[in-house]
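Visitor: For reference, the structure I am asking about is given below.
The values are calculated or read from the model by the stated rules, or taken from the named source; none is laboratory data. Note that the coordinates shown come from a computational prediction; the quantities given were computed from them, not determined experimentally. Positions of Cβ are backbone-derived with ideal geometry, glycine not excepted, and every protein chain shown enters the neighbour counts. Protein only, heavy atoms only, side chains kept; ligands, DNA and RNA dropped before computing areas. Shrake-Rupley method; radii C 1.70, N 1.55, O 1.52, S 1.80 Å.
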Amino acid sequence: MKKLVISLAVLACSFSACKKEQETPMVSPSAKASTATAAEVELQAMAPLMTNWMSGLPNTTPIARLSIPGTHDSGALFEPISSTAKCQNVGIAAQLNMGVRYLDIRCRHIDDSFAIHHGAIYQNLNFQDVVNACLNFLNANPTETILMSVKEEYDYSNTTRSFEATFNTYTQQNPGKWDLTDALPNLGALRGKIKLIRRFIGTKGINATAWADNTTFDISNSYGGIRIQDAYKVTNLANKWTAVEGLLNAAKNDSSNKLYINYASGYQPGIFSIPNINAVANYVNPKLSQYFTNNASGRYGVIPMDFVDQAKAQLIVNKNF
């Protein structure tokens, strides 16, 4: 989602004036809601081990041919007003343990470092926390890869260098753990690494700076291109699901090496245009579960969602086998 509406900015600033060097508490990936159904329990028992589900795939597997659970605004766990900014219930480490392999990271450039924001709202998390969680996960699970979209978020403050120059200070700590080329190699070449999808001005990673606003669109590049659905301002819930379902079907029926990224997330404008994130998630997420329960295995692309949980991640992962 883009910046939150202006009507929230003044309120949000009081919560985000300065960053804090702390990590958001993580929820145990093994914790299951007490309301889990018998079908969900059975699904968990049948599914590949979610911490290393990519280990069951050949090295020659094209990343673009996979079905990959992802999260929208992966670091957004905090909000001053209910339903306006929080997009996830668990932190980065727990998401990865659930099977998520696409992270949507929004960084505010402040004091020559990165703080994780959702619009104006600081998320009590910094980019170093995100990187540490990813590296810890990959060191423990070297068969996996993480696709990471990095976007510059909100207004920069007190900076002396470019966004990319500051980004470089993070990747240079462990250069062997990043793939910063403009290509999308097969899984074997990306195991144990973070693959950058760049939504900021620079030269590294897959260039996604042509990201269109609130629509479905294509980005051309050297390896086959990207097809993205990111209709985030949802005035009609049924139309949003039609957009999501349409791209899921398109990915399944496409034999090319195009990467599909299909955002199931969004917000519904309310009174005074205050965004309601939960309204969209509560409508779309059950339809995602139904879709992946009823459809055959195959390639459905990357599906970033709000409020990821174990059951939905497993349903998507299972389509790779």
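Visitor: Quick check on the range 224-321: of the DSSP beta bridges with both residues there, what percent are antiparallel, nearest 5%?
Guide: 25
Visitor: Out of all DSSP beta bridges with both ends in the chain, state the antiparallel percent to the nearest 5.
Guide: 30
Visitor: Could you grab the relative contact order for the range 148-290? Cα pairs under 8 Å, six or more apart, rounded to a whole percent.
Guide: Taking the mean separation of contacting Cα pairs over the length of the range 148-290, I get 16 percent.
Visitor: Please list, in chain and number order, the residues 5+ apart from residue 118 or on another chain whose amide H is under 5 Å from its amide H, with Hs placed from the backbone.
Guide: 123
Visitor: So I have (i) 48; (ii) 21; (iii) 9, and one of them is percent of Cα pairs over 37 Å apart calculated from this model. Which one is it?
Guide: Matching the structure shown: (iii).
Visitor: Anything over 29 Å Cα to Cα? Flag those among 258/312; 177/240; 204/287, in the order listed.
Guide: 177/240; 204/287
Visitor: Further question on the same structure: Run the reach check for residue 252 against aspartates and glutamates, Cα to Cα strictly under 17 Å, same-chain hits fewer than 8 apart removed. What comes back?
Guide: Leaving aside aspartates and glutamates fewer than 8 places away in the same chain, those within reach of residue 252 are 218.
Visitor: Here's a follow-up. In what sequence, highest mean first, do 203-212, 155-164, 264-273, 188-197 appear when ranked by Cβ atoms within 10 angstrom?
Guide: 188-197, 264-273, 203-212, 155-164
Visitor: Here's something else I'd like to know. Give the cross-link partners of residue 193 among the aspartates and glutamates, using a straight C-alpha distance below 14 Å as the criterion and excluding same-chain residues fewer than 8 apart.
Guide: Filter leaves 144, 179.
Visitor: So who's got an amide H within less than 5 Å of the one on residue 91, skipping anything under 5 residues away but keeping other chains? H placed 1.01 Å off N, in plane.
Guide: Under 5 Å from the amide H of residue 91 lie the amide H atoms of 27, each far enough along the sequence or on another chain.
Visitor: Next question, about the same structure. Please enumerate, by chain and number, the aspartates and glutamates with C-alpha under 13 Å from the C-alpha of residue 86, excluding those fewer than 8 residues away in the same chain.
Guide: Straight-distance partners of residue 86: 73, 306.
Visitor: Carbon and sulfur: what percent of the chain's accessible surface (1.4 Å probe)?
Guide: Carbon plus sulfur share of accessible area: 52 percent.
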